[in-house]
Amino acid sequence: MNKRGNSSKVSSIKKNLRIFNKTVEDIKRIKIQGARNIAKAALKAYSLNPTLKAKRILLNSRPTEPMMENVLNLADKYPYSKILTHFDKTQERINKYLFPLIKRNSIIFTHCHSTNVSNALINARKKGKIFEVYLTETRPLFQGRKTAKILRKAGIKVTLFVDSAVCVALSKKQRTKKVNRIFLGADALTPKGIINKIGSETIANLAKQKKILLYIVADSWKFTRKKIKIEQRALNEIWDKAPRNIKIKNPAFEFVDKKYLTGIITEFGLMKYGNFLDKIDKFNKIPLV
Ligand code: RUB
């Protein structure tokens with residue numbers, strides 16, 4: 001290779017590394033958020049820098065993300081383009097299976113920002129369904145605001161509640177309307193239940209108490225049998241420059257036992273969580289749909 005060829009190769013390696021590092025930073029800082037977006041961005045970054053070290057750096061950027069791990073492992077065996085098609089195909093199927101669950105003029109409740117949930121709701125609105133969404137702001141990083149803005153832009157009426165008003169939101173109290181369905185995303189699907197944004201277990205408890213149907217809306221590639229570490233985030237997200245003698249905890253996620261779930265919507269359809277586990281068992285590995 002001549003000198004010019006060499007220097008353009010070096011500059012393209014440098015450029016890829018810059019993009020890789022920026023993606024890792026954006027994932028860590030939640031500029032890229034939600035399991036699906038994280039997995040997609042990680043896949044792209046890994047395609048620019050496909051080394052074991054790069055994989056380790058990506059996996060450490062958000063520790064509660066088995067979908068990212070599944071996707072990066074698949075990337076070692078299959079072309080990136082083939083893996084990428086899975087995300088949209090899965091979303092289309094989720095949209096189709098969620099659609100009939102939304103009743104005319106009903107109230108849907110959600111929490112945080114899940115792309116799988118938001119896309120399916122937007123699809124239902126586009127296809128003519130009229131419904132309202134109640135949602136919680138999701139402190140400390142306010143991902144609920146992101147969901148609220150996206151849904152409102154799509155013509156869906158939204159009402160945002162502070163997290164601590166979740167009982168009011170789900171209770172037909174203080175002039176709130178009856179919630180008909182709860183749709184939550186997931187970061188991890190496990191044999192015992194799911195892991196999702198902190199606050200999800202309280203919502204699940206309330207759903208059971210108030211007999212509100214609770215569905216998980218998620219890509220099957222979030223499934224793992226591994227023990228998942230729950231990410232503990234920086235304390236200054238809660239209280240910047242807090243007095244030193246005050247202990248703060250900032251868990252990003254929590255586990256929700258499968259006993260609370262009415263069902264799960266994945267690319268395989270709407271089913272009981274146990275049936276979803278049977279389906280996964282049948283494949284014996286993550287299926288490349
Ligand atoms: C996001 C979150 C979402 C799931 C599913 O948490 O808990 O419900 O990741 O999202 P964070 P999606 O903002 O901390 O990443 O459906 O987009 O995969």
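The values are calculated or read from the model by the stated rules, or taken from the named source; none is laboratory data. Since the structure is predicted, the reported quantities are computational estimates derived from the model, not experimental observations. Virtual Cβ from ideal backbone geometry, glycine too; neighbours counted across all protein chains shown. Just the protein is used for accessible areas: all its heavy atoms, side chains included, with ligands, DNA and RNA removed. Shrake-Rupley method; radii C 1.70, N 1.55, O 1.52, S 1.80 Å.
Here are some notes:
- Cβ-placed point charges (K, R +1; D, E -1), dipole of the chain about Cα centre in debye, nearest 20: 520
- Segments 23-34, 133-144 sorted - mean Cβ within 10 Å per residue, highest first: 133-144, 23-34
- Net charge of the neighbourhood of I238, taken over other residues with C-beta under 12 Å away and scored Lys/Arg +1, Asp/Glu -1, is +3.
- A Gaussian network model of the chain, with springs between Cα atoms under 10 Å, assigns the largest mean-square fluctuation among S106, S47, S12 to S12.
- Note on the chain: antiparallel DSSP beta bridges, both residues inside, total approximately 35 percent of the bridges counted.
- Between the C-alpha center of the stretch 143-163 and that of the stretch 38-56 there is a gap of 31 Å.
- Counting DSSP beta bridges with both ends in the stretch 141-289, the antiparallel % (nearest 5): 60
- Per residue accessible area in Å² of the chain, where ligands, DNA and RNA are left out and the probe is 1.4 Å: 53
- Checking the Cα-Cα distances for K178/K249; K157/K178; K211/K259; K22/K53; K208/K249; K22/K44 against a 21 Å cut-off, the pairs over it are K178/K249; K208/K249.
- Charge dipole (Cα centre; +1 on Lys/Arg Cβ, -1 on Asp/Glu Cβ; no other charges) of the stretch 38-123 amounts to roughly 80 debye.
- When the charge dipole of the chain is built from unit charges on Cβ atoms (+1 for Lys and Arg, -1 for Asp and Glu) and taken about the Cα centre, the candidate among A75, Q33, N196 whose Cα reaches farthest toward its positive end is Q33.
- Surface composition of the chain: carbon plus sulfur atoms hold 53% of the accessible area, using a 1.4 angstrom probe and ignoring ligands, DNA and RNA.
- N105/K272 FRET efficiency (R0 25 Å; Cβ-Cβ; nearest 0.05): 0.35
- Highest mean first, the peptides 217-223, 159-165, 256-262 sorted by other C-beta atoms within 10 Å per residue fall in the order 217-223, 256-262, 159-165.
- Between the stretch 63-106 and the stretch 217-289, the alpha-carbon centres lie 15 Å apart.
- In terms of distances greater than 27 angstrom between alpha carbons, the cross-link table entries K28/K226; K146/K272; K89/K210; K103/K172; K226/K282; K28/K272 yield K146/K272; K89/K210; K28/K272.
- Accessible area in the full protein assembly, largest first, 1.4 Å probe, for I238, I248, I198: I238, I198, I248
- Dipole magnitude of the stretch 164-289 about its Cα centre (Cβ charges: Lys, Arg +1; Asp, Glu -1), debye to nearest 20: 480
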